[in-house]
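Enquirer: Before we start, here is the structure in question, set down as structure tokens.
The values are calculated or read from the model by the stated rules, or taken from the named source; none is laboratory data. Predicted model, so just to flag it, every value in this text is computed and none were measured. Cβ atoms come from the backbone with ideal geometry, glycine included; neighbour counts cover every protein chain shown. Ligands, DNA and RNA are stripped out before the accessible areas are found, and what is left, the full protein with its side chains, is counted by its heavy atoms. Shrake-Rupley method; radii C 1.70, N 1.55, O 1.52, S 1.80 Å.
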Amino acid sequence: MVSDNEIDQGSSNIIAVAIDDSLGGHKSSIEEAIEKILLWAHSKIGAEQLVQAKEQFYWKTGKFFPDDIFYVNRISYFIDYFIFERPLETSNQFSGKTPFECYQDLKDDHQIQDFHHSVFSVHKISDVGIILKDMIHKTRYKISARSTERFDGILKNDIFQGFIYQIQDQYWLSRGLIFHPHKAYRSIRKSVKKELKKEDLQVNIVLQKLARQQLRHLRHEHVNPRVFYLEESAS
């Protein structure tokens, strides 16, 4: 059972991260669209769904805390998961649908047409954007840069997972990206290839495992990251 205090505190923290301009500089139209859906969902279904979803997310991808230096990335990744992928567990007309689907059905001001959640490798970088290769679905996406966004810290062949948003014919990166360590790239590629050969491939399971592995690496940065990526891959 979740107490009222825990519900109020947990949901407030999540929403504060979503709407705080200071966390990511100028708030773009994409962040505003995400904020609208999150606030709408909170008003329609209450705080308990957010808290339950966060606990489920912890269990699937690993637990993080507000004082972690990577907290903003992880909580943004959770917000994407909650909005786009997690079916609501309610007894009303929203049951079984994600907040994104509900908002699309009921509102006319939605900007995000679609989303893609996967693990990507960086194929090419230019001044105006980057080209990503979806390592699971074998598709490529040309990612545009926001007006205040630069890709200086991203290198060719980098591997990261997260959501990309589709607005008309353009694709944009979420702020909730999980970058994997360079020393684990070979292990990740081998693991993904192995998973793709399975008849019962479950993409969400693959992504959750990678998220747990990366978090374990962050908790033990003095250890060669291949230890964590190989350990769980062999299980």
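Enquirer: Which residue is modelled with the highest pLDDT, if the candidates are limited to region 156-188 and must be surrounded by 17 or more Cβ atoms within 10 Å (Cβ to Cβ) and among the polar types (S, T, N, Q)?
Expert: Within region 156-188, the subset surrounded by 17 or more Cβ atoms within 10 Å (Cβ to Cβ) is 158-165, 171-178, 180-181, 184-185, 187-188.
Keeping just the survivors that are among the polar types (S, T, N, Q) gives 161, 174, 187.
Numbers: Gln161: 98, Ser174: 94, Ser187: 95.
Going through the qualifying residues, I end up with Gln161.
Enquirer: From the list Lys183, Lys156, Lys194, Lys209, exactly one residue is touching a residue at least 12 places away in the same chain (Cβ under 8 Å), under 17 Å from the mean Cα position of the chain (by Cα) and outside any strand (DSSP E or B). Which is it? Before the answer, list the steps.
Expert: On the way: Lys183 fails: under 17 Å from the mean Cα position of the chain (by Cα); Lys156 fails: under 17 Å from the mean Cα position of the chain (by Cα); Lys194 fails: under 17 Å from the mean Cα position of the chain (by Cα).
None of the others qualify; the one that does is Lys209.
Enquirer: Also: Answer yes or no: is there a residue in region 189-203 that is out of contact with any strand residue (DSSP E or B) (no Cβ under 9 Å at 6 or more places or on another chain), surrounded by 12 or more Cβ atoms within 10 Å (Cβ to Cβ) and acidic (Asp, Glu). If you could, list the steps in order and put the result at the bottom.
Expert: Quick first cut of region 189-203, residues out of contact with any strand residue (DSSP E or B) (no Cβ under 9 Å at 6 or more places or on another chain) only: 190-191, 193-202.
Those still in the list that are surrounded by 12 or more Cβ atoms within 10 Å (Cβ to Cβ) too: 190-191, 195-196.
Now narrow it down to the ones that are acidic (Asp, Glu): 195.
Yes.
Enquirer: Against the definition (surrounded by fewer than 18 Cβ atoms within 10 Å (Cβ to Cβ) and more than 16 Å from Leu210 (Cβ to Cβ)), how does Gly153 come out, yes or no? Spell out the reasoning first.
Expert: Values: surrounded by fewer than 18 Cβ atoms within 10 Å (Cβ to Cβ): yes; more than 16 Å from Leu210 (Cβ to Cβ): yes.
Taking the combined requirement at face value, the residue satisfies it.
Enquirer: Can I ask one more? With the requirement that a residue be outside any loop (DSSP other than H, G, I, E, B) and open to solvent by 10 Å² or more (accessible area, probe 1.4 Å), what does region 81-91 give you?
Expert: At the first step, the residues of region 81-91 found to be outside any loop (DSSP other than H, G, I, E, B) are 81-85.
Listed by number, the residues that qualify are Tyr81, Glu85.
Enquirer: Residues that are open to solvent by 70 Å² or more (accessible area, probe 1.4 Å), of a type in the set (Ser, Thr, Tyr) and not in a helix (DSSP H, G or I): does region 93-106 have at least one? Let's see the steps before the verdict.
Expert: Initial filter on region 93-106 (open to solvent by 70 Å² or more (accessible area, probe 1.4 Å)): 93, 97, 101, 105-106.
Imposing the further condition that a residue be of a type in the set (Ser, Thr, Tyr) reduces the set to none.
Looking for residues that are open to solvent by 70 Å² or more (accessible area, probe 1.4 Å), of a type in the set (Ser, Thr, Tyr) and not in a helix (DSSP H, G or I), one finds none in region 93-106, hence no.
Enquirer: So, one more: Being closer than 26 Å to Val203 by Cβ, at pLDDT below 95 and either touching a helix residue (DSSP H, G or I) at 6+ places or on another chain (Cβ under 8 Å) or open to solvent by 80 Å² or more (accessible area, probe 1.4 Å) (or both) is the filter here, so list the residues in region 123-136 that pass it.
Expert: Within region 123-136, Lys124 is the sole residue that qualifies.
Enquirer: Could you please find all residues in region 53-80 being touching a residue at least 60 places away in the same chain (Cβ under 8 Å) and part of a helix (DSSP H, G or I)?
Expert: Scanning region 53-80 gives Lys60, Thr61, Val72, Asn73, Arg74, Ile75, Ser76, Tyr77, Phe78, Ile79, Asp80.
Enquirer: Of the conditions (1) under 14 Å from the mean Cα position of the chain (by Cα); (2) open to solvent by less than 30 Å² (accessible area, probe 1.4 Å), Lys60 clears all except one; give me its number.
Expert: In the conditions (1) under 14 Å from the mean Cα position of the chain (by Cα); (2) open to solvent by less than 30 Å² (accessible area, probe 1.4 Å), Lys60 misses (2) alone.
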